[in-house]
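All remarks here apply to the structure that follows.
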Amino acid sequence: AYGTPIDVMAMPNDGFSFTRWSDGQTAATRTITMGENDIDIKADFDTIYYNVNVVVNNDTMGEILGAQNAYVWHDVVTFTAHNFDTNRFKFIGWSDGTTDTMSGTQNIIDSNLSYTFVIEEDMVLWAITEGELVRKGLYIL
């Protein structure tokens, strides 16, 4: 009815963010007062891109295949540790960078050379290696 206030809210699905209403307003929640004419507004949403940081810290140990900078929410991503000289280096596994409080070692989330996962947030992925040219340790890949 004329003069009735109506509260509207733009609610993005996972992987999207609200940007603005079609009339230029930028608050996701707003009150519209009904006038004599119909009102037509639309919510605009943008895709959120997530980053997985993959940095080769020591290229003598190998390379990572499949790395790029930005992914869309729920993309399925595979990184592969490649060209590791197995006579000199041992690939231990992939870590999310957290440490086991009991042992003090990095939590290994996958020990295969290829690691596949679904993007749900920005993250840093670590490759755990050991070898003769460097001391045992943690290398950001």
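The values are calculated or read from the model by the stated rules, or taken from the named source; none is laboratory data. Given the structure is predicted, the values throughout are model-derived calculations rather than measurements. Cβ sites come from the backbone with ideal geometry, for glycine too, and all protein chains shown count toward neighbours. For accessibility, only protein heavy atoms count, side chains too; no ligands or nucleic acids. Shrake-Rupley method; radii C 1.70, N 1.55, O 1.52, S 1.80 Å.
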Practice problem: For the stretch 26-46, name all the residues that are polar (S, T, N, Q), under 29 Å from the mean Cα position of the chain (by Cα) and part of a loop (DSSP other than H, G, I, E, B). | Solution: 26
Quiz item: When you go through 6, 32 one by one, which is the residue that is touching a residue at least 12 places away in the same chain (Cβ under 8 Å), surrounded by 14 or more Cβ atoms within 10 Å (Cβ to Cβ) and either over 30 Å from residue 116 (Cα atoms) or in contact with a Leu (Cβ under 9 Å, 6 or more places away or on another chain) (or both)?
Solution: 32
Quiz item: So which residues in the stretch 115-133 are open to solvent by less than 50 Å² (accessible area, probe 1.4 Å) and within 18 Å of residue 53 (Cα to Cα)?
Solution: 115, 117, 119, 123, 125, 127, 128, 129
Quiz prompt | Pick from the stretch 91-106, criterion among the polar types (S, T, N, Q) and within 19 Å of the chain's Cα centre (by Cα), ranking: modelled with the highest pLDDT | solution = 95
Practice problem: Could you please give the count of residues in the stretch 4-39 that are farther than 24 Å from residue 73 by Cα, at pLDDT 90 or above and of a type outside the set (S, T, N, Q)? | Solution: 8
